Amino acid sequence: MTAARATALSCPRCGGRLHGVASSALVDCPSCDSPLAVLVPDIPVHESVRPSLDREEAVAATRAFWEGRKVPRSFLAEGSVEEPILLYVPFHERVRTCSLRANEGPAFVDRPSLAPAVRIPGLPLEKLDAFPASGAAPREAFDAAALQRRALVFDPTLEAPSLAAISGAVVVEERAGLVWLPVWLVRCRHARNLYEAALDGTSGTVLQARAPMERTALLPEAIFFTYVFAFVFGMPLSWWVKLVAFYFELHWFGGLVLTVGTPGVVFWVLAFAWDRVRFRYEWTGDRLGVRREPVNRPGRTLPEKIRDGFFAAARWINGPPDETEKKS
Amino acid sequence: MTGESLLCPRCGIRFDADEEGAFATCPACASRLHLGDEEELAHQKLVPVLDEAAVLGRLARWLRDREVLADPKEVVTRLLWFPFWLLPGDALVPAAPLLASNLGAFHLPAGDRVAFRRGAGGSAEVVPASVPPAGIEADEETRREAKLLHVPFREVRFRLWGHDYTVWFDAATGQALDFDLPPTSERRLDVTYALLLLALFAAGVYGVRTLFGGTGAPWWAGAVVLAGAGVVFWAVARLVMRLSESR
């Protein structure tokens, strides 16, 4: 069970009850607003950050992320978006107060660090900019039961990573705690497939998202390639004869190679063009950018295997590279 | 089931406790036995009946239903127990965070229920309950009546087109809980698209040959075919893709 103790705490100033405090925490008394420090032995500070975005804003942020991209019009339309899920994910928070040896005497600075305390498959928590997120909204004492009624609250399962020494500074104090940060998960079903977007619950920044690519976006390319090959195959035979004659005018051996090689190159380009237009694509994006990725594409397609075979054959003919080539 | 059986101290018979709570009744001598550790015995679990071979059959059917035609690679299965709060009316609420995409369609699996004791799962992972009754979004009376039920799942991990996927099949009835759906193959659309491209290619070859006087028809007929075929291909392909999306 999540660390939750049935301890009734009250404010030493006004006597007001402090509901939901189940660990060490820095809280303001809900009655008299006094700043209080609650110390529960052996349980570090547990805090949570309230999301700045509500459900509708999370969906709107996802729509805004895909705006301007070639996604189907029905994607993220009303009715296809599922109820967004709010997640609370724990982060280890450690603040080290360091003493810097300045000329004018020691100066103290706080060096905070945040690291995910849980691993959730498919959710890249390492992409969450935890520092702004942890300070974006006032913190609350972590009340697991209250949060679980409206969100999925994950328990910490990973140990806090060890921190590197800070050069030129002496750590005089270290405070460790856990802070639960909000993440929105927006899911949309489109053409029987599921697409997700994970958003920072405080800023709306997309941590990771996928969306289908409008398949008609590839139609101009498909028409272009088809017509190129229609021209190659449909042009008069006499043109081919003239081309071969031209090759042999240049050089007898080169002409022979080009006569055999031209149809090979044409077929190879045809295969690559087919590879390009036959797959569906989808967009995958995060705060760094958006990429296009093929769907249901094998690691290497047939034209790529043939190409790699040619390169392997060329390497075999040339022999193993010597040391100088390897270094270069 | 040896780890779950109890020994009656009065008559010496071994039996499985299938009652809820801290007590059990010996089926031979009808002795009322106190079993200790009340909190754990208040839990129940469903008895798994699906073995690994059956679950692989379920996976094949699940993929086929989703129109995923490729064969999954590197298939690995394991048994795990996941806790749910069983509310009045047989509603299930996960007692730990669960990100399954079709949780709303998951119903209480039918099957035998027995008392749950720690260690009864053997080597299978028992996911600990982290949501207390107070964390259930329901009224106080419903929370009071909530019972913890450990549902056995056969987790299947597999690789398809370079991506990893996970599906859980409840080991009592075989309902699927999926976490990330493999994309559909859409073979029907692909075949239609290929046929349309072939038709466009044929029209293109005819148009080019006509342009250069290879068919006997006037050159402008070739130009018309080339222009018209592209437009028709565009319109039909768009229509087919829209139909496929709306299906």
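When the range A:226-263 is filtered for residues that are in contact with a helix residue (DSSP H, G or I) (Cβ under 6 Å, 6 or more places away or on another chain), within 14 Å of chain B (Cβ to nearest Cβ) and aromatic (Phe, Trp, Tyr), the ones remaining, listed by number, are A:Tyr227, A:Phe229, A:Phe231, A:Phe233. Scanning the range B:140-184 for residues that are assigned to a loop (DSSP other than H, G, I, E, B) and more than 14 Å from chain A (Cβ to nearest Cβ), we see that the one that is farthest from the chain's Cα centre (by Cα) is B:Ala172. Residue check: is B:Ala54 within 14 Å of another protein chain (Cβ to nearest Cβ), in contact (Cβ under 8 Å) with a residue 40 or more places away in the chain, of a type in the set (Gly, Ala, Ser) and over 30 Å from A:Arg149 (Cβ atoms)? Here the answer is no, as B:Ala54 does not meet what is asked.
Within the range B:94-108, can you find the residues that are surrounded by fewer than 20 Cβ atoms within 10 Å (Cβ to Cβ) and either over 15 Å from the mean Cα position of the chain (by Cα) or in a loop (DSSP other than H, G, I, E, B) (or both)? Residues satisfying the conditions are B:Ala96, B:Leu98, B:Ala100, B:Ser101, B:Asn102, B:Phe106, B:His107, B:Leu108.
Only one of the numbered conditions (1) within 14 Å of another protein chain (Cβ to nearest Cβ); (2) outside any helix (DSSP H, G or I); (3) β-branched (Val, Ile, Thr) is violated by A:Val266, and that is (2).
Assessment of the range B:105-117 against the conditions (among the basic types (Lys, Arg) and more than 13 Å from B:Val151 (Cβ to Cβ)) yields at least one matching residue.
Scanning the range B:185-196 for residues that are buried (at least 20 other Cβ atoms within 10 Å of the Cβ) and either modelled with pLDDT of 90 or more or in contact with a Lys or Arg (Cβ under 8 Å, 6 or more places away or on another chain) (or both) yields B:Glu186, B:Tyr193. In the range A:269-287, the residue that is nearest to A:Ala130 (Cα to Cα) out of those that are aliphatic (A, V, I, L, M) and within 11 Å of chain B (Cβ to nearest Cβ) is A:Val277. Of all residues in the range A:150-161, those that are part of a strand (DSSP E or B) and under 21 Å from A:Val38 (Cβ atoms) total 1.
The residues in the range A:248-285 that are touching a strand residue (DSSP E or B) at 6+ places or on another chain (Cβ under 8 Å) and among the small types (Gly, Ala, Ser) can be counted, and the count is 1. Considered as a group, the residues in the range A:56-74 that are surrounded by fewer than 17 Cβ atoms within 10 Å (Cβ to Cβ) and within 14 Å of another protein chain (Cβ to nearest Cβ) include one that is farthest from B:Ser246 (Cα to Cα), and that residue is A:Lys70. Can you report the number of residues in the range A:269-307 which are assigned to a helix (DSSP H, G or I) and in contact with a helix residue (DSSP H, G or I) (Cβ under 9 Å, 6 or more places away or on another chain)? Result for the range A:269-307: 15. Among residues of the range B:86-118 being in contact with a helix residue (DSSP H, G or I) (Cβ under 6 Å, 6 or more places away or on another chain) and in contact (Cβ under 8 Å) with a residue 60 or more places away in the chain, the one that is nearest to the other protein chains (Cβ to nearest Cβ) is B:Arg118.
All conditions in (1) surrounded by fewer than 20 Cβ atoms within 10 Å (Cβ to Cβ); (2) without any contact (Cβ under 8 Å) to a residue 60 or more places away in the chain hold for B:Asp178, with the sole exception of (2). For the subset of the range A:167-225 comprising residues that are at pLDDT below 85 and basic (Lys, Arg), which member is farthest from A:Ile85 (Cα to Cα)? Taking the candidates together, the pick is A:Arg175.
Within the range B:185-244, the residues that satisfy the criterion of being outside any helix (DSSP H, G or I), more than 30 Å from B:Leu160 (Cβ to Cβ) and either within 11 Å of chain A (Cβ to nearest Cβ) or of a type in the set (Phe, Trp, Tyr) (or both) are B:Phe212, B:Gly213, B:Gly214, B:Thr215.
The values are calculated or read from the model by the stated rules, or taken from the named source; none is laboratory data. In this text, all values refer to a predicted model and were calculated from it rather than measured experimentally. Counting neighbours? That spans all protein chains shown, and the Cβs are built from the backbone with ideal geometry, glycine included.
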